[in-house]
Ligand code: TXA
Ligand code: MG
């Protein structure tokens, strides 16, 4: 199959209407998208990603008017969050309506929904008569792609079309919030910080641990992984010393004079800006992962704001 990369939303809509899965840009990461009402197309997403069928997909909408088509019994706090953060990197897990195929929600009574903040994808969603289900456009357990070239590397010859929306602004997946008796619970740390969520709805429980039947399998311990062994540490220079003689990559947040001690170094943000660090995270990991390193040493970020979300991803990348 020939894989086309283009900015044409008409072309994108054409393939979607034919029942194909295509790649779409969002402000977080690229997604592998298909018509939520076309079960064969949805199943093809699971096959393409080699994703287990018990791992539900997020439904992407373009306007509040589509919300009632997808979800019901919507808690007041969900409306507050949606009003504040949509379009944007917030996924709400809500009771689903009858029309949502079980394959999307993995048989659960709930469904994840978000309104992405990317002009091309919003334009695409407005031009078609169905919402799009879209997980991140990476094979299962691999690093999420934040530009069209990475998507192409992963799926060349397997999907017909990549909608080219450039680099993803946020660079890390959406924050997922669900509800237990109308009380918000944070299921996945992401591009909106816990602090920002709490500013709107008060203190939230963070269920970001990896229990055996995770509510959000994005929370599985091993996930978001480079193939190179990765170590997460507070003390980069000690770790480098321990691995002396090995071909090392360093992913760091603080500037240092350690560049000469390693084969390759990536500084997440020169200004120690957490947004910039999130934007760079996955692409830098991809670059380090392609250098045949023996080990990647990653420096822990400060545990505040997006630092928490980035540390979460690095922790998962580091787990055996
Ligand atoms: O930023 C994002 O959210 C990106 C872009 C493409 O929108 N999508 C994304 O999708 O990260 P994915 O499939 O890689 O991760 C979605 C997470 C999964 O961990 C899934 O288990 C969880 O959302 N999820 C979806 N529906 C759910 C539900 N009904 N209950 C609990 N978790 C759910
Ligand atoms: Mg994913």
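The values are calculated or read from the model by the stated rules, or taken from the named source; none is laboratory data. As the structure is a prediction and not an experimental result, all values here were calculated from the model. Virtual Cβ from ideal backbone geometry, glycine too; neighbours counted across all protein chains shown.
Just one of the numbered conditions (1) surrounded by fewer than 17 Cβ atoms within 10 Å (Cβ to Cβ); (2) at pLDDT 95 or above; (3) outside the structural domain of residue 295 (by TED's automatic domain parsing) is not true of residue 270: (3).
Under the condition of being within 13 Å of ligand 2 (Cβ to nearest atom) and either in contact with a strand residue (DSSP E or B) (Cβ under 8 Å, 6 or more places away or on another chain) or closer than 19 Å to residue 113 by Cβ (or both), the residues counted in the stretch 134-150 number 6. Please indicate, with yes or no, whether at least one residue in the stretch 17-35 is crowded, with 24+ Cβ neighbours inside 10 Å and either farther than 19 Å from residue 144 by Cα or outside the structural domain of residue 188 (by TED's automatic domain parsing) (or both). Looking for residues that are crowded, with 24+ Cβ neighbours inside 10 Å and either farther than 19 Å from residue 144 by Cα or outside the structural domain of residue 188 (by TED's automatic domain parsing) (or both), one finds none in the stretch 17-35, hence no.
Annotation: residue 5 fulfils all but one of (1) touching a helix residue (DSSP H, G or I) at 6+ places or on another chain (Cβ under 6 Å); (2) assigned to a strand (DSSP E or B); (3) within 12 Å of ligand 1 (Cβ to nearest atom); the unmet one is (3). When the residues of the stretch 152-182 are filtered to those that are under 29 Å from residue 110 (Cα atoms) and without any contact (Cβ under 8 Å) to a residue 60 or more places away in the chain, the one that is surrounded by the most Cβ atoms within 10 Å (Cβ to Cβ) is 180.
For the stretch 36-51, give me the residue count where each residue is within 16 Å of ligand 1 (Cβ to nearest atom) and either outside any loop (DSSP other than H, G, I, E, B) or closer than 15 Å to residue 148 by Cβ (or both). Give the steps one after another, and end with the answer.
Here is the first cut: in the stretch 36-51, the residues within 16 Å of ligand 1 (Cβ to nearest atom) are 36, 41-51.
Next, only the ones that are either outside any loop (DSSP other than H, G, I, E, B) or closer than 15 Å to residue 148 by Cβ (or both) stay: 41-49.
Summing the residues that are within 16 Å of ligand 1 (Cβ to nearest atom) and either outside any loop (DSSP other than H, G, I, E, B) or closer than 15 Å to residue 148 by Cβ (or both) in the stretch 36-51 gives 9.
In this structure, is residue 176 in the same structural domain as residue 70 (by TED's automatic domain parsing) and within 16 Å of ligand 2 (Cβ to nearest atom)? So residue 176 passes the test.
Residues in the stretch 160-173 that are within 16 Å of ligand 2 (Cβ to nearest atom) and over 16 Å from residue 89 (Cα atoms): 0 in all.
Of all residues in the stretch 219-235, at least one satisfies being at pLDDT below 95 and in a helix (DSSP H, G or I).
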